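The values are calculated or read from the model by the stated rules, or taken from the named source; none is laboratory data. Note that the structure is a prediction, hence the values are computed from the model and not measured. No Cβ is skipped: glycine too gets one built from the backbone with ideal geometry, and neighbour counts run over all protein chains shown. For the accessible areas, the whole protein counts, side chains as well, though only heavy atoms, and no ligand, DNA or RNA atoms are used. Shrake-Rupley method; radii C 1.70, N 1.55, O 1.52, S 1.80 Å.
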Amino acid sequence: MFIGVIDEDGERGSDQPSSIPAYDEAMDALSSLISQKSRADPTNSGLKFGLMFEYVKILDLEEPISRLKVIHVAGTKGKVVDLHARLPRLYYAIVAFEPGSLHLLTLSILEKDFGWMGEFSKEKCNDDIPMPNLFRFLALLAFKIFAAEQVDVAIMEVGLGGKFDATNVVKTPIVCGIASLGYDHMEILGNTLGEIAGEKAGIFKKGIPAFTVPQPEEAMQVLKAKASQLDVPLEVANPLDSKLLNGLHLGLVGDHQYLNAGLAIKLCTTWLQRTGHLEADSMDQTSSLPQQFINGLTTATLQGRAQIIPDPSFDIESPGDLVFYLDGAHSPESMEVCANWFSLAVKEDDRQLSCSSNQEHGNSRTSSEVVPLNPGKTSGKDSAQILLFNCMSVRDPQVLLPRLVKTCGGHGINFNKALFVPNMSLYTKVGSSTSLPSSDPVVDLSWQLTLQRVWENIICSERGYNNNGEPVSVESKEHAETIVKSCENSVVFSSLPLAIKWLRDAAKHNRSVRLQVLVTGSLHMVGDVIKLLKK
C-alpha cells in the first residue's frame with residue numbers, strides 16, 4: 001500500500017532528477033508558469049479559481065481525485081505535513097511532494113511527467129483556458145501522479161490561504177485540519193485574524209470532520225461559525241503530552257511543534273479509523289501512543305526550519321567554528337519562535353563546547369582582521385552571533401526585526417553584526433540557482449539598504465548606540481570592494497556568496513571565536529544557503 005503526501009516543499013522519491021538536460025528543460029518550462037504579478041495586487045483575489053475545476057475536467061482527473069483518501073491541512077504557523085507523513089510510516093510506504101517551497105529542494109519528477117507537461121501545454125490550453133500558474137500546475141501534476149500510483153492516502157497542505165488554494169478542488173476529504181493561525185500573507189488573506197481564519201476555513205467540507213489547535217478567540221469564532229454552517233464536527237486537538245514519547249524528544253524543535261504533533265495525531269488517527277485500518281476509539285491518546293507514532297514523531301525533520309549546519313567546507317583545526325542556524329521564519333509569530341529557538345540553541349552549543357574543552361585558545365586576531373566581532377565569552381571559547389537576513393518587500397521589517405531583537409535580547413543574546421543580502425533564487429525561476437554569478441553589478445539593493453536602516457535604528461534604540469548612518473571602515477581591502485555599505489552594526493553585500501565568503505574569512509581571522517550565524521527572514525534565502533553549503 002502507498003501513501004502520497006502533498007505539502008509545500010517539492011520532493012518526490014530521489015533527490016536527483018532522472019535526466020539533467022530534460023530536467024533543465026522542464027525547469028525552464030515550469031518557470032514560464034510563474035505569475036509576474038505582485039502578490040499584493042488586489043486583482044489577485046481568487047485568480048479565477050473556477051479554472052482549477054476546468055483543468056481537472058480537461059485532464060480527466062475528476063473521478064481519480066474523488067477516489068483519493070485525502071487529509072487536507074491549512075494554517076499559518078508550523079508545518080504539520082511531515083509529522084502526518086511520519087506517523088503511519090511503519091504501516092505503509094510514503095512519497096512526498098510539495099508545491100510551495102521549491103527554493104528549498106530539488107524538484108524530482110520522472111521523465112514521463114515532463115512529457116505530460118508539454119502535452120498539456122500544446123493540446124489542452126487556449127486563450128479561454130490558459131496554462132495554469134506554477135502552484136496550480138504542480139498541484140495538478142501531484143493529483144495525476146497520485147492517481148496513477150493509486151495511493152491509499154494523500155496528505156495535502158495548502159500553499160497559501162485555503163478557499164482559493166489549488167488543492168481545494170478536493171470535494172470529499174477524509175478529514176481536515178487547521179494549524180495555528182497568525183498574521184502572514186496579509187496582502188492576500190486579510191488584515192485581521194478573523195479574515196485570515198475565514199480563508200483557511202475555506203477547506204472545510206459539509207459533514208467532513210475537522211480538527212484545529214487552540215486559536216486566538218477572534219480566529220476560533222470564525223472557524224466555529226464556518227463549521228456550524230457546513231455541519232462540520234470541529235474538535236480542538238490538545239498539544240501532545242511529551243510524557244507520551246517515552247523519554248524521547250520531537251524531531252522538530254520548538255514548543256509549537258507539540259501543538260502540531262497533537263493535531264497530526266488526531267488527523268492521522270481519524271484517517272486510520274475512517275478507512276478501516278484502526279478500530280474506532282481503539283487508541284487512548286491520553287495515556288499512550290503506538291510505537292509507530294512515537295517513531296514518526298521523534299524522527300520527523302523539516303529542511304530549512306530550526307536546522308543547524310556547521311560549515312562543511314571550513315578547513316580549520318576546530319570544524320565547528322562557523323555554524324549556520326537556518327529557519328525560514330517570515331511572519332511576526334514565526335520570527336519570535338525562531339528567536340527563541342536560536343537563543344536556546346546557541347546557549348546549548350556554548351555549554352557543550354565549554355564542557356568538552358577547557359583549554360585556553362590564543363587570540364589570533366591581527367590588525368588586518370575582516371571584522372571586529374566583540375564576541376561574548378564562554379568558558380571554552382568566544383562566541384559571536386551574526387544575523388544573515390533578507391525578506392520579501394511585502395513583509396514589514398519594522399515588525400519582524402524588533403520582534404527578533406527583543407526576543408533574543410530577552411535570552412541575553414545580542415547580534416554582533418547583521419548582514420543584508422539579496423536572494424540568489426529568482427522569484428521568476430524554478431530550480432537550482434547555484435549557477436548564478438557571485439555578483440551582479442545591476443542588482444537593485446535598495447530594499448537591502450532599507451533593511452539596514454531599520455536595523456541600525458532598532459539597535460540604536462535598544463542599545464543606545466550613536467547612529468549617524470555613516471559607513472565604518474572594514475580593514476580588509478578585498479572585502480571593502482564587495483561591501484555596498486557598512487554601518488556600525490550591519491553590512492550590506494551585493495550577493496549572498498560574497499557574504500558567505502566574508503563570514504568564512506572572518507572565522508579564519510578570528511580563530512578563537514565561534515561564529516553562530518542565524519539565517520532567517522526568507523525561505524528563498526535559506527534554500528540558497530543550503531545549496532551553497534552543499535557545493
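Within the stretch 146-156, how many residues turn out to be of a type in the set (D, E, K, R) and touching a Lys or Arg at 6+ places or on another chain (Cβ under 7 Å)?
1
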Qualifying positions in the stretch 177-202 - modelled with pLDDT of 85 or more, outside any helix (DSSP H, G or I) and either at positive phi or over 21 Å from the mean Cα position of the chain (by Cα) (or both):
THR192
Would you confirm, using the coordinates I've provided, whether PRO372 is modelled with pLDDT under 60, under 19 Å from LEU518 (Cα atoms) and out of contact with any His (no Cβ under 7 Å at 6 or more places or on another chain)?
yes
Mind checking which pairs have a first residue in the stretch 398-416 that is over 17 Å from GLY328 (Cα atoms) and a second that is acidic (Asp, Glu) and open to solvent by 10 Å² or more (accessible area, probe 1.4 Å), Cβ under 8 Å, 6 or more apart or different chains?
LYS406/GLU462; GLY409/GLU462
Out of ASP165, ASP241, ASP231, sole residue that is touching a residue at least 12 places away in the same chain (Cβ under 8 Å) and within 21 Å of the chain's Cα centre (by Cα)
ASP165
Could you tell me whether the stretch 203-211 includes any residue that is of a type in the set (Gly, Ala, Ser) and either open to solvent by 30 Å² or more (accessible area, probe 1.4 Å) or at pLDDT below 95 (or both)?
yes
